[in-house]
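The values are calculated or read from the model by the stated rules, or taken from the named source; none is laboratory data. Model, not experiment: these values are computed from the prediction. Here the Cβ positions follow ideal geometry from the backbone for every residue, glycine too, while neighbour counts run over all protein chains shown.
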Amino acid sequence: MNKIDVPNLRPEGATMPRLPVRELKLVEGTAASLEGYGEIVDDPSSHRIEIVRWPAPGRRPVDSNSGDEGGTTEGIFACTWHGDVLRARNHAVGGDYVLGWSRLPPDAAEDRATTPRRQALLWRANYHPDGGQMFHPMDKGPFVVPLAPPGDDVKPEDFTAFWFDGGKGLYIHPNIWHDGVYPVGDSGRFLDRQGKVHARVSVNFPAEFGCYIAAPLATAL
């Protein structure tokens, strides 16, 4: 593994390297296929968000009635394709991201689509050690979410792309690798609820593995 760089959340495509692409397997997101990763969300108003107790810095434990009282925050996670570039704003935590591209970043244009949108090239992923995260669609339409099991030795081949038809939402357990939500259509809005601390641990695929990973964007499975 190469040196780990802290990723810039809004990289410019022209400054990104031209690298190989590793395509992910695409599976339907169901209760069975998501086991260990998360859950299907029917009712976002009642779905529980797991909050992880603050870790003890020494040999004395954190009191059992403390360390998990930060609660949750929520807002709209809005994704929009601008030509070949997918940008997102997470209003729950004030995030402003470039999630990916429909073609290699140096060739991507933001003012127009220069290639059919068949995939989203990811350059990063992260997990939240402090709590889980829920995405529930506000606009109907299929979407894709890449996920990988816990562990800081994560590799590109550990990821699987999960496809959803847009009728229900997704809840992701703490410590599960993910990035954002990848709408198959031009845009998507999702109710986002997550731990308020919003700790984030990231992997940078170009810097660490010399590649991008590609999540297929399918209208149906």
Counting just the residues of segment 95-109 that are in contact with a strand residue (DSSP E or B) (Cβ under 9 Å, 6 or more places away or on another chain) and surrounded by fewer than 15 Cβ atoms within 10 Å (Cβ to Cβ), which one comes out modelled with the highest pLDDT? D107
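Right, F77: modelled with pLDDT of 95 or more and in contact with a Cys (Cβ under 9 Å, 6 or more places away or on another chain) or not?
no
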Residue ranges of strands (runs of 3 or more DSSP E) in segment 19-65 with at least 3 members surrounded by 13 or more Cβ atoms within 10 Å (Cβ to Cβ) and without any contact (Cβ under 8 Å) to a residue 24 or more places away in the chain: none
What do you reckon, is G70 over 19 Å from the mean Cα position of the chain (by Cα), part of a loop (DSSP other than H, G, I, E, B), at pLDDT below 95 and small (G, A, S)? yes
For the condition assigned to a helix (DSSP H, G or I) and either at pLDDT below 95 or touching a strand residue (DSSP E or B) at 6+ places or on another chain (Cβ under 6 Å) (or both), what is the one hit in A214, A161, A199, A207? A207
Which ones in segment 171-183 are under 11 Å from the mean Cα position of the chain (by Cα) and either within 14 Å of V144 (Cα to Cα) or part of a strand (DSSP E or B) (or both)? I172, W177, H178, D179, G180, V181, Y182
